[in-house]
Amino acid sequence: MFTGLIESLGKVASIKRLGNNLELEISSELKCDIGSSVSVDGVCLTVTKENKNSLIFNVMPTSIKDTALSFLKIGDIVNLERAMKADSRFDGHIVSGHIDTISRILKINRSISGVHFHIELKNDFRNYVIKKGSVAISGISLTVQETYSNEFRVDIIPHTLLSTSLSYKKAGDFVNVEFDMLVKNSINSKKINKINQEWVRNLGY
């Protein structure tokens, strides 16, 4: 499990084909043991090798196909977060590292209060998004500020922009999206058939 609070930024150092898999090397000062779980742009990957200044991951075909890791190029910046400890302080929200969909950044607007990202919202996932609910964008825990027919908006404060890969993003780029686990579990278990702001408040958001 992860919290969606980014610990460090990494840079893609190399991408190698290993049969149907990819070997992804990320330059980073983050210290991890071999076998550790790390969220790379929101995707839960396992450290298979560790060099002095880099982490190496083996990316399975499903992760290549179903996440925006397939768009990575050498030199790209990615978000990194180590799996949370059982006794650590919990901020952000519960993030599994299992991506629900790849979405396109439709537009980016700037104001004196921050930067506003408009993210594509596909029909299959409309029930998972509600104003003031949580969402993880490329592994970053964010709050949905507004929903529209085919998109939703998240607002990024300067600190988050500077400390995550969002500062490198532009309209048209793809991002990994993981919707709130509590919302998904509730819908999938058929405990509710409609999500609204009152329901979200009752969950403590």
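Structure data summary
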{"quantity": "Every residue from region 48-69 that is buried (at least 20 other Cβ atoms within 10 Å of the Cβ), free of Cβ contacts under 8 Å to residues at least 40 places away in the same chain and of a type outside the set (S, T, Y)", "calculated": "F57, V59"}
{"quantity": "Residue match in region 6-17 (condition: among the β-branched types (V, I, T), at pLDDT 95 or above and over 17 Å from the mean Cα position of the chain (by Cα))", "calculated": "yes"}
{"quantity": "Whichever residue in region 1-39 is in a strand (DSSP E or B) and of a type in the set (K, R) and, among such residues, is nearest to I156 (Cα to Cα)", "calculated": "K11"}
{"quantity": "Those residues of region 106-133 which are within 18 Å of D66 (Cβ to Cβ) and either of a type in the set (S, T, Y) or under 14 Å from the mean Cα position of the chain (by Cα) (or both), in sequence order", "calculated": "I119, Y128"}
{"quantity": "Residue identified as farther than 21 Å from M1 by Cβ, under 19 Å from the mean Cα position of the chain (by Cα) and not charged (D, E, K, R) among L24, L30", "calculated": "L24"}
{"quantity": "Residue identified as part of a strand (DSSP E or B), at pLDDT below 95 and of a type outside the set (A, V, I, L, M, F, W, C) among E50, E81", "calculated": "E50"}
{"quantity": "Test: residue in region 85-92 that is in a strand (DSSP E or B) and either at pLDDT below 95 or assigned by TED's automatic domain parsing to the domain that holds V175 (or both)", "calculated": "no"}
{"quantity": "Selection count where residues are in contact (Cβ under 8 Å) with a residue 40 or more places away in the chain and farther than 17 Å from G172 by Cβ, scope region 104-137", "calculated": "13"}
{"quantity": "Subset of region 128-156 [surrounded by fewer than 16 Cβ atoms within 10 Å (Cβ to Cβ) and over 23 Å from R110 (Cβ atoms)]", "calculated": "S149"}
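The values are calculated or read from the model by the stated rules, or taken from the named source; none is laboratory data. None of these values were measured; they are calculated from a predicted model. Neighbour counts run over all protein chains shown; Cβ positions are idealised from the backbone, glycine included.
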